[in-house]
Amino acid sequence: MPSMAGGGAERQLTYLCRELVTLGWDVHVAFVHGGPNLSRLEASGATVHRLAASGNYDPRILSGLVRVIRAVKPDVMQCWLLQMEVLGGLAARWTRTPWVFSERASEQAYPRTFKMWLRRKIGSIATAIVSNSRAGDQYWQRIVTAKVRRYIIPNGIPLEEIDRAPTAHLTDAPAASQTPILLNAGRFEYQKNFETFVRALHIVARERAFLALCCGEGPLRGRIEALATELALDSHVRFAGYAPNLWALMKRADLVVSTSFFEGSPNVVLEAMACGCPLVVSEIPTHREILDEETAVFVNPGDPQQIARTLVQVLNDREGATRRAAQARARVQRYSLPAVAREYARVYGEISNGDDSTPAAE
């Protein structure tokens, strides 16, 4: 993994490490940079290897990976996110180590650039590709040959840990007991579509009071904050940055909104389901993979008018929102961390044993 930053992929890695250690696996993680998820990783029971590097293109990253592989002699290696997908893949091939390529998104995430061309080339020589959604697997189905094993394993969530999280108390919410709270969380980048969400809030503000919490960091945060100010939403929107208490905020929120243009296996949506918070989500395949009309309300991510109308309707129909949230919470049980870790352990076992009997993309 390139770093232990605050993103969903980094958090998923820490969950998987903890569960694999519980299952008796000897887990090692190599990374370059620390971040908010480093403490979770250190507490997981995995052995950590921090690689020396002066920048993202430092050749010492590759040589450091090779040294770690030769010292640990792993049965299988998994590479997460672009930098390590490429460098980790090269190191695995160099040391003749079976390795897994991680697909965390879907085709829309990958522009036609040299980096993405290189990513596809490296992925096509992996031992296996594990996608966290059907959309991610369909992307690779058109690229790789039958020699590359393909699996679909969704993200897992720590259901018991989420259940133990307290409900947040928002002292700065206007008329705190009455004002509905909307929550949108994710990295501030094109994929997450915060701009359309904020434009929809501008329309909602004409009809009713609310407080929207936008949680996360990213390159577009300053631009989205400026847009909120331009639309006179400063009293309606809070930019909370990275939120270590996200589950507590979800339990306080009246609505979690995800207007993403595309996703892999959406952590925020799964966590909102576990928190029992009603959902309004974009009409995209990966949301449809885990939700339907009984569990969420769907919107066109490119239409702020429709999003605004839907938000008002859902806020005005508390009974319907509560009913859908209860259905979603019951459904999320299938994404428990132990179940997901067992699937990964099975895949690792097949790969390390050279078992060719399992069909692609289970």
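The values are calculated or read from the model by the stated rules, or taken from the named source; none is laboratory data. None of these values were measured; they are calculated from a predicted model. Positions of Cβ are generated from backbone atoms using ideal geometry, with glycine treated the same way; all protein chains shown enter the neighbour counts.
Some observations on this one:
- With respect to the conditions (1) surrounded by 16 or more Cβ atoms within 10 Å (Cβ to Cβ); (2) free of Cβ contacts under 8 Å to residues at least 60 places away in the same chain; (3) over 23 Å from Val204 (Cα atoms), Glu263 lacks only one, and its number is (2).
- Pairing each residue of the range 74-87 that is assigned by TED's automatic domain parsing to the domain that holds Ser131 with any residue that is among the polar types (S, T, N, Q), provided the two are 6+ apart or on different chains, yields C-beta distances under 6 Å for Asp75/Ser352; Val76/Ser352; Met77/Thr97; Trp80/Ser102.
- Elements of the type helices (runs of 4 or more DSSP H) sitting completely within the range 1-93 and holding at least 2 residues that are of a type in the set (Ser, Thr, Tyr) and within 21 Å of the chain's Cα centre (by Cα): these cover 8-22.
- Selection status of Gly222, free of Cβ contacts under 8 Å to residues at least 12 places away in the same chain, surrounded by fewer than 19 Cβ atoms within 10 Å (Cβ to Cβ) and more than 14 Å from Ile307 (Cβ to Cβ): yes
- Considering Arg142, Arg134, the condition of being in contact (Cβ under 8 Å) with a residue 12 or more places away in the chain, among the basic types (Lys, Arg) and closer than 18 Å to Pro285 by Cβ is satisfied by Arg134 alone.
- The range 295-323, residues that are touching a residue at least 60 places away in the same chain (Cβ under 8 Å) and among the polar types (S, T, N, Q): Gln305
- Conditions (1) touching a helix residue (DSSP H, G or I) at 6+ places or on another chain (Cβ under 6 Å); (2) closer than 22 Å to Arg104 by Cβ; (3) in contact (Cβ under 8 Å) with a residue 60 or more places away in the chain: number failed by Ile61: (3)
- Test for Ala109: is it at negative phi, surrounded by fewer than 21 Cβ atoms within 10 Å (Cβ to Cβ) and within 15 Å of the chain's Cα centre (by Cα): yes
- Looking only at residues of the range 309-324 that are over 15 Å from Val299 (Cα atoms) and basic (Lys, Arg), we find that the one that is surrounded by the fewest Cβ atoms within 10 Å (Cβ to Cβ) is Arg318.
- Being closer than 26 Å to Glu207 by Cβ and outside any strand (DSSP E or B) is a description that applies to Leu311.
Yes or no, residue by residue, for (1) farther than 20 Å from Met77 by Cβ; (2) among the aliphatic types (A, V, I, L, M); (3) in a helix (DSSP H, G or I):
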site	(1), (2), (3)
Thr97	no, no, no
Val100	no, yes, no
Gln108	yes, no, yes
Tyr139	yes, no, yes
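- Inclusion of Val280 among residues that are touching a Ser or Thr at 6+ places or on another chain (Cβ under 8 Å), touching a residue at least 24 places away in the same chain (Cβ under 8 Å) and at negative phi is warranted.
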